[in-house]
Amino acid sequence: MYSVGIIILFLVCSSFSMDLPSYLSRCYLDDPKLSECVLRAFKEVKPYANNGIEEIGLPPLNPFVVPKFTVQQESSLANYTIKVTNYTIEGLNNHDIKEFRYDPETMTYRFKIEFDSLSMSVSVEGDSDVVHIPLKGNGFVRIAHSPVTAIFEIKGDMKRLRGIEYYSTEKAKVGLDMGDGNYNFEGLFNNNELLVRMTNEKLSANSAMVVEALTPAYEKFASMDVMRFMKTLTKIPYHRLFP
Ligand SMILES: *[C@@H]1O[C@H](CO)[C@@H](O)[C@H](O)[C@H]1NC(C)=O
Ligand SMILES: *[C@@H]1O[C@H](CO)[C@@H](O)[C@H](O)[C@H]1NC(C)=O
């Protein structure tokens, strides 16, 4: 989920950009059918997104890999600080955009994207407690979520720099419905197979609660990613982003 935001934004913003590969349509902000245009552009981008689109800096989507980061959460349902390595996510290419709106008055985008299923695999280091199920030591986990719905809300402002106007992001919010979740650990508890098996069974028996406990962390990461990506977009003058 780490990078869902970034990818979605690439797709949306790239459909406005002038530097698009010729096989993609351009959408114009004053188009009364802007939403339809963006929805169509999304569908056009899809077949190319697997291997990435160099012209717009879109990295390969399937799989998408993040080498390293740290993730932290402290609530009564999920309490952990873990180091994550080789975070790999599959299924980002299998998406469908359901709604898109841009409000030029408030410079806010809202859109909803559905994914059939997302599979992740990741190496973890550190102790956690998720819905009072302890997870100790280093290990590897495969995670599957299906279906996943993401609602994005990105609010911006106009910034002027040396006479040129740029879009500046004020706030990015991602709301996620992670659907059903399945978690399968290996290697925890110093490779104690019995404990690992019991833990996986407990996670499975409580999966709805586990998904609920972890969703805020997914949302936070997706939002941070959107912000990070939008920062790079501010380098592109507004009139080129939205011709
Ligand atoms: C989270 O875990 C730490 C370390 O075990 C503990 O000190 C803290 O009270 C826990 N926080 C919550 C909200 O349970
Ligand atoms: C991460 O992936 C690389 C390349 O596949 C591998 O060499 C490395 O051992 C992996 N690291 C962990 C902690 O799994």
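The single condition from (1) more than 30 Å from L195 (Cβ to Cβ); (2) more than 16 Å from ligand 2 (Cβ to nearest atom); (3) among the hydrophobic types (A, V, I, L, M, F, W, C) that V130 fails is (1).
Condition test on S204, is it in contact with a Lys or Arg (Cβ under 7 Å, 6 or more places away or on another chain), assigned to a helix (DSSP H, G or I), under 24 Å from G91 (Cβ atoms) and open to solvent by less than 80 Å² (accessible area, probe 1.4 Å)?
Working: in contact with a Lys or Arg (Cβ under 7 Å, 6 or more places away or on another chain): no; assigned to a helix (DSSP H, G or I): yes; under 24 Å from G91 (Cβ atoms): yes; open to solvent by less than 80 Å² (accessible area, probe 1.4 Å): yes.
Criteria not met by S204.
The set of residues from the range 133-172 being polar (S, T, N, Q), more than 16 Å from ligand 2 (Cβ to nearest atom) and open to solvent by 30 Å² or more (accessible area, probe 1.4 Å) comprises S146, T149.
A residue that is under 14 Å from the mean Cα position of the chain (by Cα) and part of a strand (DSSP E or B) cannot be found anywhere in the range 121-130.
Cβ-Cβ distances below 6 Å connect the following pairs, each with a first residue in the range 213-228 that is at pLDDT below 90, a second residue that is crowded, with 20+ Cβ neighbours inside 10 Å and assigned to a helix (DSSP H, G or I), and a separation of six or more residues or different chains: A222/V4; A222/G5; D225/G5; D225/I6; V226/G5; V226/L9. Do the conditions hold for K83, that is, is it over 22 Å from Y166 (Cβ atoms), in contact with a Gly (Cβ under 7 Å, 6 or more places away or on another chain), modelled with pLDDT of 90 or more and of a type in the set (K, R)? For K83, the condition - over 22 Å from Y166 (Cβ atoms), in contact with a Gly (Cβ under 7 Å, 6 or more places away or on another chain), modelled with pLDDT of 90 or more and of a type in the set (K, R) - is met.
The C-beta contact set for the range 123-148 (first residue more than 22 Å from D177 (Cα to Cα) and among the aromatic types (F, W, Y), second residue open to solvent by 20 Å² or more (accessible area, probe 1.4 Å) and part of a strand (DSSP E or B), distance under 8 angstrom, 6+ apart or interchain) comprises F140/S121; F140/S123; F140/F185; F140/E186.
Which one of these does M120 not meet: (1) surrounded by fewer than 19 Cβ atoms within 10 Å (Cβ to Cβ); (2) under 16 Å from L214 (Cα atoms); (3) in contact (Cβ under 8 Å) with a residue 40 or more places away in the chain; (4) in contact with a strand residue (DSSP E or B) (Cβ under 6 Å, 6 or more places away or on another chain)? The single condition M120 does not satisfy is (1).
The values are calculated or read from the model by the stated rules, or taken from the named source; none is laboratory data. Since the structure is predicted, the reported quantities are computational estimates derived from the model, not experimental observations. Here the Cβ is made from the backbone with ideal geometry for all residues, glycine too, and neighbour counts use every protein chain on show. These accessible areas exclude ligands, DNA and RNA; they are computed on the full protein's heavy atoms, side chains included. Shrake-Rupley method; radii C 1.70, N 1.55, O 1.52, S 1.80 Å.
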